[in-house]
């Protein structure tokens, strides 16, 4: 069995109506690793985990079809994987929502210090977060004890706000207007504000796609001058 591809994982999740949290909780995977894998940012999941992920989706699809849901998605033969007919996130001109994003960006400043790969990866992450939030927003809101919201509903809501916040900060980085208090992560033992904690969590997941390499002149300026 071949490991699942990022596109196959995205397609299967969407067909099944599963969020990344649903999948990673079921398989005891790191959600950040799955997010990075599906957006093409990096692959920290092992081949064994990717095969396990494929088996998980195949079983869920089979189960859904046995319940009469009629999901037609298949992964094809291992030797000759058939490309998905759906446009990928990388195909930025093929999706109306991303087209609108790009149209808006034409009227905004993009940080010239970001390279093309960073711009594309930021847009891919924003789009993936938007879809993840959409799945969570479609979850059923359930009440718990004393008419309060259940723990699962409260968790979904917190995840949605987290994804919205992450997209806002990503767009700020794209435009070169980063929030000043979120620019420099610090050691966890030195964290004393919510901003510092948020900055550390944001950069743990997105540091590579928003980091700007310093020029030699800037590096020299930041070097300590020996006394």
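Below, the figures for the structure above:
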{"item": "Segment 135-154: number of residues that are farther than 24 Å from residue 11 by Cα and either in the same structural domain as residue 31 (by TED's automatic domain parsing) or within 19 Å of the chain's Cα centre (by Cα) (or both)", "result": "0"}
{"item": "Test: residue in segment 177-192 that is under 15 Å from residue 118 (Cβ atoms) and either at pLDDT 80 or above or over 20 Å from the mean Cα position of the chain (by Cα) (or both)", "result": "no"}
{"item": "Any chance residue 131 is under 15 Å from residue 209 (Cα atoms) and under 17 Å from the mean Cα position of the chain (by Cα)", "result": "no"}
{"item": "Members of segment 142-166 found to be surrounded by 12 or more Cβ atoms within 10 Å (Cβ to Cβ) and not in a helix (DSSP H, G or I), listed by number", "result": "142, 144, 149, 150"}
{"item": "Test set (1) part of a helix (DSSP H, G or I); (2) modelled with pLDDT of 80 or more - residue 102 fails condition number", "result": "(2)"}
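The values are calculated or read from the model by the stated rules, or taken from the named source; none is laboratory data. Bear in mind that the values here come from a model prediction, so they are computed numbers and not experimental data. No Cβ is skipped: glycine too gets one built from the backbone with ideal geometry, and neighbour counts run over all protein chains shown.
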